[in-house]
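Structure first, commentary second.
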Amino acid sequence: MDKDPRMDFFQRQLRFRDYNLGVFAIVVAGVYLFLVVLALTYLLYFLVNPDPEAIGVTFEGLPAIALTAPTSLLLLSATGPFDVFGPGVALFVLILSGLVQAFVLYVVLRGRRRGAPKTATV
């Protein structure tokens with residue numbers, strides 16, 4: 001059975017060692033994802049354990065929104081008010097925005113594809 005050419009395309013995109021700056025790009029994207037996960041963990045902690053004395057607006061979500069901007073700002077404005085959906089949709093949007101931006105960051109930073117090694121001719 002032949003392989004699907006689309007799957008071969010996706011596998012080539014994720015082989016970071018085939019690109020000039022692939023290792024650098026995967027490290028930077030990994031650090032970015034770590035920071036997004038840290039900000040989302042901070043947000044989730046305050047969603048689960050709200051401060052009983054907090055009155056008005058709290059800014060626990062600001063680091064996660066700032067890290068995933070501009071994608072999160074576009075998606076958050078497109079989903080409308082969250083009192084209808086609840087905070088789960090906002091958290092999902094922030095996770096999705098972080099993953100999309102990490103992949104874009106990886107693709108932009110990895111550079112050009114390395115050339116095939118030259119074969120020796122005698």
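Every number here is computed from the coordinates shown, using simple stated rules; none is lab data. Just so we're clear, the structure is a prediction, and the values are computed from it rather than from any experiment.
Taking amide H positions as placed in the peptide plane 1.01 Å from N, state which residues far from Tyr19 in sequence (5 or more) or on other chains have amide H under 5 Å from it.
Arg114
Provide the per-residue ³J(HN,Hα) series for the stretch 36-47, in order, calculated from phi with Karplus coefficients 6.51, -1.76, 1.60 and θ = phi - 60°, each as a whole number of Hz, with x at glycine and proline positions.
5, 5, 4, 5, 5, 5, 4, 5, 5, 4, 6, 6
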